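Encoded as structure tokens, the structure appears first; notes follow it.
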């Protein structure tokens with residue numbers, strides 16, 4: 001099976017990942033039918049995770065692992081969760097991808113991994129204060145296209 | 001408390017249609033309670049969240 005990421009891209013990602021101090025855990029949810037990009041998405045994530053030993057991956061099926069999908073509030077495939085890992089503890093920061101992270105979104109995917117590795121949102125104090133006093137959940141769904 | 005999801009519009013067309021997605025990026029907040037079209041700075045996103053929750 002040919003690689004999706006060429007050697008140059010792998011090297012760039014390797015350099016980007018070099019400063020990572022903390023571990024990041026990715027949960028991937030696929031689906032057997034009606035998922036045109038599931039196979040490519042899984043392969044893409046596997047190739048990325050291979051680049052750094054700070055990254056780990058668990059592969060799930062949306063239907064066979066419905067309990068895990070429910071726990072992580074994932075209802076679409078391909079579905080990706082980017083979470084923090086400290087020892088055996090997985091911390092969910094609410095970061096999700098639905099669909100293959102290609103084109104511009106691939107950069108976002110790499111940057112999100114770095115964001116979680118840094119364990120800091122990088123947001124302003126004002127935003128942090130506002131989010132800190134939320135009493136109801138907030139769902140932000142960002143629609144993108146792959147170009 | 002906060003979940004942020006990238007959704008690739010062409011793979012999820014029914015959802016894109018539900019939220020009237022035309023220009024991307026489009027940020028739909030709380031199932032359509034608020035919508036932000038375009039890539040906006042953090043302060044804009046914060047203002048929109050505050051506006052939505054004030055209703």
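Coordinate-derived values only; no laboratory data. This is a predicted model, so every value here is computed, not measured. No Cβ is skipped: glycine too gets one built from the backbone with ideal geometry, and neighbour counts run over all protein chains shown.
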- [ ] Could you work out which residue, out of A:102, A:124, A:52, moves most in a Gaussian network model of chain A, that is, has the largest mean-square fluctuation with Cα springs under 10 Å?
- [x] A:124
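So if we plug the beta-carbon distance of residue A:14 and residue B:30 into 1/(1 + (r/R0)^6) with R0 = 45 Å, what FRET efficiency do we get, rounded to 0.05? Intermediate values should be presented prior to the final figure.
Working: r = 39 Å, r/R0 = 0.86.
Between residue A:14 and residue B:30 the formula returns 0.70.
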Open item on the list: Please compute the modelled spin-label separation between residue A:43 and residue A:108, points set 7 Å along Cα→Cβ, answer in nm with one decimal.
Closed with: 2.4
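Based solely on its DSSP helices, what 222 nm [θ] is calculated for the protein assembly as shown when runs of n ≥ 4 H residues each add -39,500 (n - 2.57) and the sum is averaged over all residues, nearest 500 deg cm²/dmol? It would help to have the intermediate numbers written out before the result.
Details: 7 runs with 72 residues, N = 202.
So the calculated ellipticity at 222 nm is -10500 deg cm²/dmol.
I'd like the mean, over residues of A:97-108, of how many other protein chain beta carbons sit within 10 Å of each residue's own Cβ.
Values: counts 5, 8, 8, 3, 2, 1, 1, 1, 3, 0, 0, 1.
Across A:97-108, the average partner-chain Cβ count within 10 Å equals 3.
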Open item on the list: Please report the antiparallel percentage of DSSP beta bridges with both residues in the stretch A:7-132, rounded to the nearest 5.
Closed with: 65
Open item on the list: Give me A:51, A:90 sorted ascending by neighbouring Cβ count inside 10 Å, so fewest comes first.
Closed with: A:90, A:51
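What is the Å³ per residue value for the convex hull set by the Cα atoms of chain B? Please list the in-between numbers first.
Working: hull volume 4.8 nm³, N = 55.
Residue-normalised Cα hull volume stands at 88 Å³.
Taking beta carbons within 10 Å but only from partner chains, what does the mean come to for residues A:74-86?
Numbers: counts 1, 0, 6, 1, 2, 1, 2, 2, 0, 0, 0, 0, 0.
Other-chain Cβ atoms within 10 Å of each residue's Cβ, averaged: 1.
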- [ ] Take every residue in peptide A:30-37, count the Cβ atoms of other chains within 10 Å of its Cβ, and give the average of those counts.
- [x] 1
Open item on the list: Using only the alpha-carbon atoms, what does the protein assembly as shown span along each of its principal axes? Please give whole angstrom values in decreasing order.
Closed with: 52, 37, 34
- [ ] Give me the angle, in degrees from 0 to 90, between the Cα long axis of helix B:42-54 and the longest principal axis of the Cα atoms of chain B, rounded to the nearest 10.
- [x] 80
Task: Approximate spin-label separation residue B:20-residue A:124, in nm, with each point projected 7 Å along Cα-to-Cβ - done: 2.8
Open item on the list: Between the stretch B:1-51 and the stretch A:1-49, what is the separation of their alpha carbon centroids in Å?
Closed with: 25
